[in-house]
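S.K.: Encoded as structure tokens, here's the structure I'll be asking about.
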Amino acid sequence: MRAREDKGVDRHPQECNPGPIVDDLSYRYENSFSRDEIQMVVDQARAEIEPISRHPEFLAVLVNKHARDTLRSLARTRGLSGGGIPEILFVCEHNSARSQMAAAFTQHFAGEHVHVRSAGAHPLGFINPLVERVMAERGIELHKPYPKGLANDVLHAADIIVEIGVELPRMPAKHHISWEVADPHGQVMDEVRACRDMIEVKVKDLLRSLTIPVAQ
């Protein structure tokens, strides 16, 4: 399974467009619920929250959270695995190197056992070309690699947030992990390789700590 592009929960939260919410939850719970089931849960969450919401600008986030909680409970009731696949978000400064490599390694080693996203606090308009070359040396292609910004809905959707050389505000009920990995931006190939190798080790350690199988 490839790391997906971030569609976001809602570009116009006051309108609470349910389509992107259903897309997001269908991706997370693809092995547990049908899209029609998820659509019903989202519609019900909106029907319950919208009449009493005093902050329409947050309606989409609240509906998404309510629907996720409902689906998680339903999954446990049905004896499904863990109430959904964990979502790991890797964040670095530019989303042009470190977080891209971390996401690619995670997808490569964990496959369908995780969902992966990456983002940058201040994304550049391009991916470091040396990053693509050193990842290709490992037989890993960066699929649709373009830098992405750090949207609130991406943060809210993540179960685990890995901060690589950046510091983000702590969010309740989120597991924050901090990695000190030097930014390879502007460095020579050997330095980029060293960065890649460090991230590979850290990704494997993270997956093992989460008891997620690591493919060889």
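S.K.: For a quick check: with amide H placed at 1.01 Å from N, whose amide H comes under 5 Å from H176's, ignoring anything fewer than 5 positions away on the same chain?
M.R.: I161
S.K.: Still on this structure: With 10 angstrom as the radius, rank R68, R170 by how many other C-beta atoms surround their C-beta, starting from the fewest.
M.R.: Listed from fewest to most nearby Cβ atoms, that is R170, R68.
S.K.: For labels at A215 and N17 in the simple 7 Å Cα→Cβ model, what's the distance in nm?
M.R.: 3.3
S.K.: Here's a follow-up. Can you tell me which aspartates and glutamates have their Cα less than 14 Å from the Cα of K202? Leave out same-chain residues fewer than eight positions away.
M.R.: Answer for K202, where 14 Å is the Cα cut-off: E163, E180, listed by chain and number.
S.K.: Also, I was wondering about something else. Test of understanding: what is the full-extension gain from L168 to V201, defined as 0.36 nm times their sequence separation minus their Cα-Cα distance?
M.R.: Working: separation 33, 0.36 × 33 = 11.88 nm, distance 2.29 nm.
My answer for the length gained is 9.6 nm.
S.K.: What list of ³J(HN,Hα) couplings, whole Hz, do you get for the stretch 111-118 from phi and the Karplus terms 6.51, -1.76, 1.60, once you set θ to phi - 60° and write x for glycine and proline?
M.R.: x, 6, 7, 9, 10, 10, 9, 9
FYI, it's all coordinate maths here, none of it is from the lab. Keep in mind the model is a prediction, meaning the values are calculated, not measured. We place every Cβ from the backbone using ideal geometry, glycine too, and count neighbours over all the protein chains shown.
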